[in-house]
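Each remark here refers to the structure printed beneath this line.
The values are calculated or read from the model by the stated rules, or taken from the named source; none is laboratory data. Keep in mind it's a predicted model, so treat the numbers as computed, not measured. Using ideal geometry, Cβ is built from the backbone for each residue, glycine included, and neighbour counts are taken over all protein chains shown. Ligands, DNA and RNA are excluded from the accessible area calculation, which covers all protein heavy atoms including side chains. Shrake-Rupley method; radii C 1.70, N 1.55, O 1.52, S 1.80 Å.
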Amino acid sequence: MESESHANDTQLRAQAEQVLANLANGDVEDAVEKLLNFNDARNDSLYQQIGKITRGLHDAIIHMELNNEQLGQSERDVQARLRYVIDLTASAANRTMDLAEEAMPIATALNTEATRLQSDWEKLGKRELSGEEFRRLYERMSEFLGYSVTESNRLYEHCHEIVLAQGYQDLSGQIISKIMDMLKRTEHNLVHLLAMAGSMHSEHGLKHEIIETIDAKKEEQRSTRAEGPLPDSENTLKSQDEVDDLLSSLGF
Amino acid sequence: MKILIVDDFSTMRRIIKNLLRDLGYTNTQEADDGKTALPLLQSGGFDFLVTDWNMPGMTGIDLLKAVRADEKLRKLPVLMVTAEAKRDQIVEAAQAGVNGYVVKPFTAAALKEKIEKIFERIEANAG
């Protein structure tokens with residue numbers, strides 16, 4: 001780019017000398033035409049700069065992956081991804097609270113019955129129970145032991161489900177990392193854009209500042225590149241059943 | 001039964017570890033991407049690999065391919081547990097020789113079923 005602007009400068013100087021020579025010879029028409037050419041050259045350079053800025057902006061938008069119509073893929077939609085994070089975190093929070101709310105009365109009921117039995121059990125130890133009371137306590141104890149087995153299992157299952165519900169952290173984390181990545185690239189592009197616009201201001205417009213535009217396609221584009229969760233994407237299978245069907249069609 | 005769990009999110013590793021413990025598999029180790037997992041696997045002793053796909057450093061699919069290309073590891077059963085659910089990706093994983101594929105978010109039942117199926121097949125082949 002150095003040599004290009006140098007060549008431009010040399011050319012400019014040569015043309016300026018010609019204008020002076022034309023004027024010295026009284027050839028005003030030629031001199032005016034050359035001056036108009038200068039202006040055209042300046043305009044061309046401006047148009048080129050504007051073109052570059054437009055392309056840079058376009059690249060930035062593509063990197064932001066907001067331009068759905070162009071890409072024809074809603075999976076690239078940042079908003080859809082973020083909405084998915086909201087849904088995911090909301091449903092995980094609700095699921096966790098539902099499970100905890102279901103588990104608490106189970107624990108309370110076990111506690112209440114155990115407390116009641118405890119006082120009768122102490123009476124039994126002090127031989128304060130009649131034969132009839134003892135038989136009733138025996139029955140209640142059998143019942144309670146059975147109840148404890150099923151209810152403690154239920155409590156365990158609830159805790160297990162609560163653990164599982166925390167998977168949202170991984171999924172939303174993947175989406176947010178992806179979006180942070182997009183923002184970083186967009187910011188990078190916009191900074192380049194600013195540099196371009198800045199160079200337009202500072203120069204007389206004849207210098208061709210060649211600013212590297214970032215190639216939107218440079219990044220690996222294989223179709224199986226890891227993308228993280230993609231809500232509402234056409235190529236994405238919607239459930240484990242669909243995955244299983246596909247795998248069994250492949251001979252699994 | 002020694003199992004290696006590979007995922008870049010520690011919460012997910014914890015969940016999978018929890019589920020495996022519930023299924024009676026308590027001997028687990030963890031790695032946060034393919035790059036750290038591969039030397040662990042090569043050092044030996046693992047009977048089963050559970051891996052995510054989307055990880056920085058080395059992805060799960062690359063780890064799977066590296067495992068299948070390694071003379072000592074190539075028969076190691078591999079279960080992929082991932083949010084990547086594109087048709088092409090599942091086909092690629094199948095072609096690379098994955099033994100099971102579970103999409104996130106998953107249920108305990110789905111994971112259990114896949115793991116049991118893999119172990120059944122291993123036992124059938126061994127017997």
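Key figures
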{"quantity": "Residue match in the range A:147-163 (condition: surrounded by fewer than 16 Cβ atoms within 10 Å (Cβ to Cβ), among the charged types (D, E, K, R) and without any contact (Cβ under 8 Å) to a residue 60 or more places away in the chain)", "calculated": "yes"}
{"quantity": "Positions within the range B:48-67 being more than 9 Å from chain A (Cβ to nearest Cβ) and in contact with a strand residue (DSSP E or B) (Cβ under 7 Å, 6 or more places away or on another chain), in sequence order", "calculated": "B:Phe48, B:Leu49, B:Val50, B:Thr51, B:Leu63, B:Leu64, B:Val67"}
{"quantity": "Unique match (being at pLDDT 95 or above, under 19 Å from A:Arg225 (Cβ atoms) and open to solvent by 40 Å² or more (accessible area, probe 1.4 Å)) among B:Gln29, B:Gln95", "calculated": "B:Gln95"}
{"quantity": "Extreme residue, farthest from the other protein chains (Cβ to nearest Cβ), among residues of the range B:1-26 that are open to solvent by 10 Å² or more (accessible area, probe 1.4 Å) and closer than 21 Å to B:Glu71 by Cα", "calculated": "B:Lys2"}
{"quantity": "Residue among B:Gln89, B:Gln29, B:Gln42 that is more than 14 Å from chain A (Cβ to nearest Cβ) and touching a Phe, Trp or Tyr at 6+ places or on another chain (Cβ under 8 Å)", "calculated": "B:Gln29"}
{"quantity": "Matching residues in the range B:32-60 - criterion: being open to solvent by 10 Å² or more (accessible area, probe 1.4 Å), charged (D, E, K, R) and in contact with an Asp or Glu (Cβ under 7 Å, 6 or more places away or on another chain)", "calculated": "B:Asp32, B:Asp33"}
{"quantity": "Elements of type helices (runs of 4 or more DSSP H) contained in the range B:21-127, each with 1 or more residues being over 30 Å from A:Asn235 (Cα atoms)", "calculated": "B:34-42, B:108-126"}
{"quantity": "Selection within the range B:92-102 - at the interface with chain A (Cβ under 7 Å from one of its Cβ atoms) and under 12 Å from the mean Cα position of the chain (by Cα)", "calculated": "B:Tyr101, B:Val102"}
{"quantity": "Filter result for B:Asp70 (within 13 Å of chain A (Cβ to nearest Cβ) and either of a type in the set (A, V, I, L, M) or free of Cβ contacts under 8 Å to residues at least 60 places away in the same chain (or both))", "calculated": "no"}
